[in-house]
Amino acid sequence: MQKYCNIVKNKLNALISNIENNISDFVVDPKRDFVRKSELSFSKTMRFILGMGSQTLGSELMEFYGLNKKSVSVSAVVQRRAKILPAAFQYLYTTF
């Protein structure tokens, strides 16, 4: 069972990386969005959104970053999420 879970997880991560390599098709402004190195990269933002549960965004961030005080703010996540087009998630779901 664990082996199958790893196969699925690796395929999902590979698809997210593929989207990140073709990021201009999946962000609002390809010249400005996700060009700088940040704690919330495109792939990390996608993984965070996909892994969210039903808690508040702040609680989900604390869980995602392991209760780290230096984690990103709720506002940063909201701003990063707004830069990703729905087409990124549509592509991910249909390809996966």
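What the table shows:
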| quantity | calculated |
| --- | --- |
| Unique residue being out of contact with any helix residue (DSSP H, G or I) (no Cβ under 6 Å at 6 or more places or on another chain) and surrounded by 15 or more Cβ atoms within 10 Å (Cβ to Cβ) when the list is 82, 76, 87 | 76 |
| Residue pairs meeting the criteria (Cβ under 9 Å; at least 6 apart or on separate chains; first over 17 Å from residue 41 (Cα atoms) and at pLDDT 85 or above, in region 52-73; second part of a loop (DSSP other than H, G, I, E, B) and among the β-branched types (Val, Ile, Thr)) | none |
| Residue count, region 8-28 (criterion: assigned to a loop (DSSP other than H, G, I, E, B) and either of a type in the set (Lys, Arg) or over 22 Å from residue 93 (Cα atoms) (or both)) | 0 |
| Subset of region 18-37 (residues that are free of Cβ contacts under 8 Å to residues at least 40 places away in the same chain, within 20 Å of residue 77 (Cβ to Cβ) and not basic (Lys, Arg)) | 20, 23, 35 |
| Candidates 50, 40, 92 - the one that is outside any helix (DSSP H, G or I), within 16 Å of residue 19 (Cα to Cα) and within 13 Å of the chain's Cα centre (by Cα) | 40 |
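The values are calculated or read from the model by the stated rules, or taken from the named source; none is laboratory data. Keep in mind that what you see is a predicted model, and the values were worked out from it rather than measured. No Cβ is skipped: glycine too gets one built from the backbone with ideal geometry, and neighbour counts run over all protein chains shown.
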